[in-house]
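The values are calculated or read from the model by the stated rules, or taken from the named source; none is laboratory data. No experiment lies behind these values; they were computed from the predicted model shown. Every residue, glycine as well, gets a Cβ built from its backbone with ideal geometry; the counts of neighbours run over all protein chains shown. Accessible surface areas use protein heavy atoms only, side chains included; no ligands, DNA or RNA. Shrake-Rupley method; radii C 1.70, N 1.55, O 1.52, S 1.80 Å.
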Amino acid sequence: MASSGPLSPAETAAFVATLLREDGIDPATGRGDVTTDLAVPAAARAAASAVARETMVVAGLGLALAVFRALDPTLEIAARVRDGERLAAGETLFTVAGAARPILVGERAALNLLQHLSGIATLTRAYADAIEGTGAVLLDTRKTVPGLRRLAKYASRCGGAHNHRQGLADAILIKDNHIAAAGGVQAALDRVMAKTDLPIELECDNLDQVKTGLASGVSRLLLDNMDISTMREAVSLADGHVPLEASGGVTLTKIRSIAETGVDFVSVGRLTQSAHAIDIGLDFACSRD
């Protein structure tokens, strides 16, 4: 059975019920798809295969299959791959067979989720491959669809990234708006350091802020939207004493040159913010026998 990823069985059941309700389906009965209820005979049987229409990295397979299991536990469901696997166009992700109605009812919810999460994993894999061998670690961010962060960050892990903060309570990250509201870099650092022993990361827009952060003893510096030459200067200033994270405007064409400056981490918001949904089709055959 394919893993449901980051969700427990109870969380998976609740999440699937939410997906079905969004489509107007009663999770307890599977009824509510007026087209299927009226057009498809109750005795109709079907066999369907989910097929990749483009190269991809799989994420969210277990959750997608959980949609069909919730609608009809008697369906014959077989996962052909695992999350994190790379597939070529034309390869099969899973098959499902049995009563036609629950397969039709669950098709769109299952595919929407699988396409979205696999899109994140696929884009992430491209970024991870682009910096392979540089020593830099790829990070995701909190730029996720509201309500889907745990799943999005799971998908980015499937693609080869490491998770940055899940939420605001996980770590101290002093960003430009905190600095503005606090009255300056040093003022923000002084207030935070007086009240916590948590590791502190400071976002730096320029080398003066880098120097301030280094002198203050922060745990990590985030180099925000710096050009390559300025990043190299920051790496020289840090001299390996404080980990450096590059962020802001990181595209697939630029990420390797960023990683080669010597920074320790590169965080990319577009992994979870801008990934396109992977094209996956459910090829369907039906009979009344």
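Given the criterion surrounded by 19 or more Cβ atoms within 10 Å (Cβ to Cβ) and either at positive phi or at pLDDT 95 or above (or both), identify the matching residue among Ala47, Ala89, Ala78, Ala52.
Ala52
With respect to Leu123, determine if the residue is open to solvent by less than 20 Å² (accessible area, probe 1.4 Å), at pLDDT 95 or above and closer than 26 Å to Ser274 by Cα.
No, not satisfied.
Of all residues in the stretch 140-172, count the ones that are within 20 Å of Arg86 (Cα to Cα) and of a type outside the set (Asp, Glu).
Number satisfying all stated conditions: 12.
Show the residue pairs that are 6+ apart or on different chains and have beta-carbon atoms under 6 Å apart, the first residue being within the stretch 256-270 and over 15 Å from Asp140 (Cα atoms) and without any contact (Cβ under 8 Å) to a residue 24 or more places away in the chain, the second being surrounded by fewer than 23 Cβ atoms within 10 Å (Cβ to Cβ) and among the aliphatic types (A, V, I, L, M).
none
Please go through the stretch 244-289 and pick out each residue that is open to solvent by 10 Å² or more (accessible area, probe 1.4 Å), over 28 Å from Phe94 (Cα atoms) and not charged (D, E, K, R).
Across the stretch 244-289, the qualifying residues are Ser247, Gly248, Gly249, Thr251, Leu252, Thr253, Ser257, Thr261, Gly262, Phe265, Gly269.
Among the strands (runs of 3 or more DSSP E) confined wholly to the stretch 59-177, which include 2 or more residues that are farther than 28 Å from Gly281 by Cβ?
137-139, 172-174
Going by the structure shown, is Ala180 over 18 Å from Val242 (Cβ atoms), open to solvent by 40 Å² or more (accessible area, probe 1.4 Å) and either in a helix (DSSP H, G or I) or of a type in the set (Phe, Trp, Tyr) (or both)? Let's see the steps before the verdict.
On the way: over 18 Å from Val242 (Cβ atoms): yes; open to solvent by 40 Å² or more (accessible area, probe 1.4 Å): yes; either in a helix (DSSP H, G or I) or of a type in the set (Phe, Trp, Tyr) (or both): yes.
Yes.
Being open to solvent by less than 20 Å² (accessible area, probe 1.4 Å) and either touching a helix residue (DSSP H, G or I) at 6+ places or on another chain (Cβ under 6 Å) or within 21 Å of Arg157 (Cβ to Cβ) (or both) is the requirement here; does Val40 meet it?
Answer is no for this residue.
So, in the stretch 1-21, how many residues would count as being open to solvent by 70 Å² or more (accessible area, probe 1.4 Å) and either in contact with a Cys (Cβ under 9 Å, 6 or more places away or on another chain) or over 15 Å from Leu151 (Cβ atoms) (or both)?
4
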